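The values are calculated or read from the model by the stated rules, or taken from the named source; none is laboratory data. What you see is a predicted model, and the numbers here were worked out from it, not measured in a lab. Cβ placement follows ideal geometry from the backbone for every residue including glycine, while neighbour counts extend to all protein chains displayed.
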Amino acid sequence: MSNATLFLTVFLTGLLLVVAGLGMAILLSPKSFNTQKGEPYECGIPTHGTSWMQFKAGYYLYAILYLMFDVEAIFLFPWATIVRELGVQGLTSIVFFLVILGLGLAYAWRKGVLQWK
């Protein structure tokens, strides 16, 4: 089987599974219509005021810190699988990577970003 045939087979199989899943969900899902379903809400509580309210930047900073360390974990897993093949150069590069992340954490800690106010 050539690469193009394999790709086409996998692509069509994935497309078929997605269409089948969506079709089954549309056909089998319970149907009930009321006006309350169309209302926007957050956590089950109706919203008050406009949607252009200011919110604390702390949520944003926590999200950025989470992404920073999530990306770190994504980069560490492939590195851990081939660490023996990389040798000293691979070890120094990952240590450099971790030092930069540690400096970012220390900077955030120093600025008081990690304190919930």
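Checking the structure you have, find out if any residue of region 29-36 is in a helix (DSSP H, G or I), at pLDDT below 85 and either under 30 Å from Leu103 (Cα atoms) or not polar (S, T, N, Q) (or both).
no
So Arg110 passes all but one of these: (1) surrounded by 10 or more Cβ atoms within 10 Å (Cβ to Cβ); (2) out of contact with any helix residue (DSSP H, G or I) (no Cβ under 9 Å at 6 or more places or on another chain). Which condition number does it fail?
(1)
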